[in-house]
Amino acid sequence: MSADFASGATMVAALVIALFFARYWRQTRDPLFLMFAAGFLTFGLSRLILAFMDEDDEGRILVYTLRLVAFALILGAIIHKNRTPPPRVIGAEGNGVHPAVARGERRHASRS
């Protein structure tokens, strides 16, 4: 009984986390949040499927494959986020150039 409760709680938590990440994706359109939402949704669905299977069911390999996909989505999101360049920040003049450079000032490297 306790294991069923923990499994259900884990499923609900994963689905709620997926909803939070989906909401963050809607606000920012950052693919990291979309991939995290998909990963947690997949994890929650795997827990749901697992709840209806027998202990000795050979179809449990599907559940563990879904878990692998969920973790791969999350890992892929992290790798994708770290490999893409950061978005260009618009400077004070609105053209993406450092304000000192836009004014024609020369920036010198500090010498120790």
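Read the figures in this text as sums done on the coordinates, not as results from a lab. Because the structure is a prediction, the values reported are computed rather than measured. Reconstructed Cβ throughout: ideal geometry from the backbone, glycine too, with neighbour counts over all protein chains shown.
On alpha carbon coordinates alone, what is the Rg over Rh value for the stretch 2-87, Rh being the Kirkwood radius? Using only Cα positions, Rg/Rh for the stretch 2-87 is 1.07.
Using 0.36 nm per residue and subtracting the Cα-Cα separation, the extra length available between Y24 and E55 on full extension is 7.5 nm. Evaluating 6.51 cos²θ - 1.76 cosθ + 1.60 at θ = phi - 60° for every residue in the stretch 5-14, the Karplus couplings come out as 5, 5, 5, x, 5, 5, 5, 5, 4, 5 Hz, glycine and proline recorded as x. With each label modelled as a point 7 angstrom along the Cα→C-beta vector, the R67-A6 pair spans 1.2 nm. Sequence-distant contacts, meaning Cα pairs under 8 Å at least 6 residues apart, place the relative contact order of the stretch 1-65 at 35 percent.
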